[in-house]
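The values are calculated or read from the model by the stated rules, or taken from the named source; none is laboratory data. Every value quoted in this text rests on a predicted model; they were computed, and no experiment measured them. Glycine also receives a Cβ, built like all others from the backbone with ideal geometry; neighbour counts cover every protein chain displayed.
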Amino acid sequence: AAYDAEGYTHFMRKEIHEQPAAVERALRGRLDGRFHTAHLGGLDLDPREARAIRRVKILGCGSAYYAGQVGAQLIEELARIPADAEPASEFRYRNPVVEADTLYIAVSQSGETYDTLAAVQELRRKGGRVLGVVNAVGSAIARECDGGVYLHAGPEIAVASTKAYTSTAVVFALLALHLGRIHDLSPADGRRIAEGLRALPGQIEEILRQEDRIAALAADLAKYRSMLFVGRVRGWPVAREGAQKLKEVSYIHAEAYPASELKHGPLALISPDLPAVAIVPDDELLDKNRSTLGEIRARHGRVITIGHTEAGEDAVVVPKNEPELDAILLPIPLQLLAYHAAVALGHDVDKPRNLAKSVTVD
Ligand code: AGP
C-alpha cells in the first residue's frame, strides 16, 4: 500500500482493533462515581436548562446518522426525553420547524461533512441550539456549534467508519446518562449504566478475539450477491450500520429492515440465495426475534445471528452488558464481517470505489 497502516494490512482493521483504547479515551474523566452520572466538559447545560429540553433531534449523515439513531434511543430510554435522528442531508432541504425547547445535536467524525454543516448553519440561523458530537478537534462543524463533546477517537483513515461510530455511541450513552440523572434516572440505574460503560473496552477485546471465526464466516458469506440485515428497536440501527459497512467495502448488496416489518413485505424475498443477518440481543424482545428467525428459516433462508443466546456455526455471541448499551457492542462483529468479506473478494478495503472519507461538497 502507498500509505502505512502501522503493522496492520489495512487501516480499517487497525481502527477496528483500536476500539478498546478509543472507548477508554471517550470515557476518560467523564464518569462520576459519586453521583453516578457523567460530566461532559464542553456541554455547558445547567440542570434547569437541561430540564427545560422537551425534545432532542440528532442530525448526521451515513454512519454518523445511524450512530445518532443509537443516541436518540439511549436518550429517550435513559432520560425519557422524546428523541429521534434524521439524516442531516434531508433535514436541510425540508424547511424544518425549529423549536426553542428542542436540543439539536450534529454528529460528524470529520466535522467537515457539508450536508451536516449546512444543517447546523440553517438551525443557527433560525435560532436553534446545536451541540456537536465530533471527532476532529477545531473542525468546521465543531466551530459552528454552540458547544459539544469530542470523541477523542484519534484519526480515522479508512473510508468505512468503525472506531468513530463506536465512540459516538459511547458519547451518546454518556450524554443520556447525564440527562437521565437530571431527569428521572435513579442513582442505582445511573451506577448500573456507568458500570456497564466501564466494562465495554474489555468486552470489545473479547469480541476481537473471535476474529478468526468471523473471518471464516465472512469468507463463506462473500459468495452471496445480496444480504438482509434485521433487528428490532435497539437492534435496528445496528442492522442498518451492519448493512452500510458491508455495502461500502464488499460491494455486496445489503438491505436493512426492522425485523417487525418483514411480514409487511420483504418476507417475499426470502430464499436460500438471500441470507439474513439478524441482531438478536437477550432483551425483552428475544421471543419476538426468535419467531422472526423461525419465519425466515421456514422459507429456507439462511440466518446468521449476532447476539447473546443463539448457538451454532452461524451464530456470533457477544458478551452481555446492560441491555440499554447493546447497540454499542453488537455492531463490532458486523465490522469484522464486512472487512473480511471485502478482503476475501480482493477489494480495496480502505478506499472503496466511488467514496470519499468525508463529503465536503454540496
Ligand atoms: C461511514 O462508513 C461512511 N463512510 C459515511 O457514511 C460517513 O459516516 C458519513 O459520510 C459521515 O461522515 P462524517 O462523520 O465525517 O460527517
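Residue-level check: of (1) among the hydrophobic types (A, V, I, L, M, F, W, C); (2) away from the ligand (no atom under 16 Å from the Cβ); (3) at pLDDT 95 or above, I332 misses just (2). Every test in (1) under 28 Å from D212 (Cα atoms); (2) within 16 Å of the ligand (Cβ to nearest atom) is passed by T9 save one, and that test is (2).
Does L175 satisfy being of a type outside the set (D, E) and either crowded, with 20+ Cβ neighbours inside 10 Å or within 10 Å of the ligand (Cβ to nearest atom) (or both)?
Details: of a type outside the set (D, E): yes; either crowded, with 20+ Cβ neighbours inside 10 Å or within 10 Å of the ligand (Cβ to nearest atom) (or both): yes.
It is true that L175 is of a type outside the set (D, E) and either crowded, with 20+ Cβ neighbours inside 10 Å or within 10 Å of the ligand (Cβ to nearest atom) (or both).
Scanning the stretch 237-275 for residues that are farther than 23 Å from H340 by Cα, in contact (Cβ under 8 Å) with a residue 12 or more places away in the chain and either within 14 Å of the ligand (Cβ to nearest atom) or out of contact with any strand residue (DSSP E or B) (no Cβ under 6 Å at 6 or more places or on another chain) (or both) gives P258, S260, L262, K263, L267, L269, I270, S271. When we screen R48, R30 for residues that are on the phi < 0 side of the Ramachandran plot, modelled with pLDDT under 95 and away from the ligand (no atom under 16 Å from the Cβ), the only hit is R48. All told, L175 meets the bar of being closer than 29 Å to S110 by Cβ and not hydroxyl-bearing (S, T, Y). For the stretch 80-101, the set of residues classified as more than 16 Å from the ligand (Cβ to nearest atom), surrounded by fewer than 23 Cβ atoms within 10 Å (Cβ to Cβ) and not in a loop (DSSP other than H, G, I, E, B) consists of D84 only.
When P20, P47 are checked against the criterion of being loosely packed, with under 13 Cβ neighbours inside 10 Å and in contact (Cβ under 8 Å) with a residue 40 or more places away in the chain, P47 stands alone in meeting it. Any residue that is assigned to a helix (DSSP H, G or I), of a type in the set (V, I, T) and under 20 Å from the mean Cα position of the chain (by Cα) - is there at least one of those in the stretch 22-45? Yes, there is a match, as at least one residue in the stretch 22-45 is assigned to a helix (DSSP H, G or I), of a type in the set (V, I, T) and under 20 Å from the mean Cα position of the chain (by Cα). Looking across the stretch 102-114 at every residue that is under 20 Å from the mean Cα position of the chain (by Cα) and surrounded by fewer than 23 Cβ atoms within 10 Å (Cβ to Cβ), the one that is farthest from the ligand (Cβ to nearest atom) is identified as E112. Among the residues of this structure, A119 does not count as one that is over 17 Å from the mean Cα position of the chain (by Cα), under 22 Å from Q19 (Cα atoms) and crowded, with 18+ Cβ neighbours inside 10 Å.
Take the residues in the stretch 253-291 that are β-branched (V, I, T) and within 20 Å of the chain's Cα centre (by Cα); name whichever of them is surrounded by the most Cβ atoms within 10 Å (Cβ to Cβ). Outline the logic, then answer.
From the stretch 253-291, those β-branched (V, I, T) are 270, 277, 279-280; that's our starting set.
Next, only the ones that are within 20 Å of the chain's Cα centre (by Cα) stay: 277, 279-280.
Values: V277: 27, I279: 30, V280: 26.
Checking each candidate, the answer is I279.
Test R181 against the criterion of being assigned to a helix (DSSP H, G or I), in contact with a Ser or Thr (Cβ under 9 Å, 6 or more places away or on another chain) and more than 16 Å from the ligand (Cβ to nearest atom), and give yes or no. First the steps, then the outcome.
On the way: assigned to a helix (DSSP H, G or I): yes; in contact with a Ser or Thr (Cβ under 9 Å, 6 or more places away or on another chain): yes; more than 16 Å from the ligand (Cβ to nearest atom): yes.
Answer is yes for this residue.
Within the stretch 159-168, not a single residue is within 13 Å of the ligand (Cβ to nearest atom), over 16 Å from the mean Cα position of the chain (by Cα), surrounded by 23 or more Cβ atoms within 10 Å (Cβ to Cβ) and not hydroxyl-bearing (S, T, Y). Criterion applied to R234, R213, R198 was being surrounded by fewer than 20 Cβ atoms within 10 Å (Cβ to Cβ), under 19 Å from the mean Cα position of the chain (by Cα) and in contact (Cβ under 8 Å) with a residue 60 or more places away in the chain, and the one residue passing it is R198.
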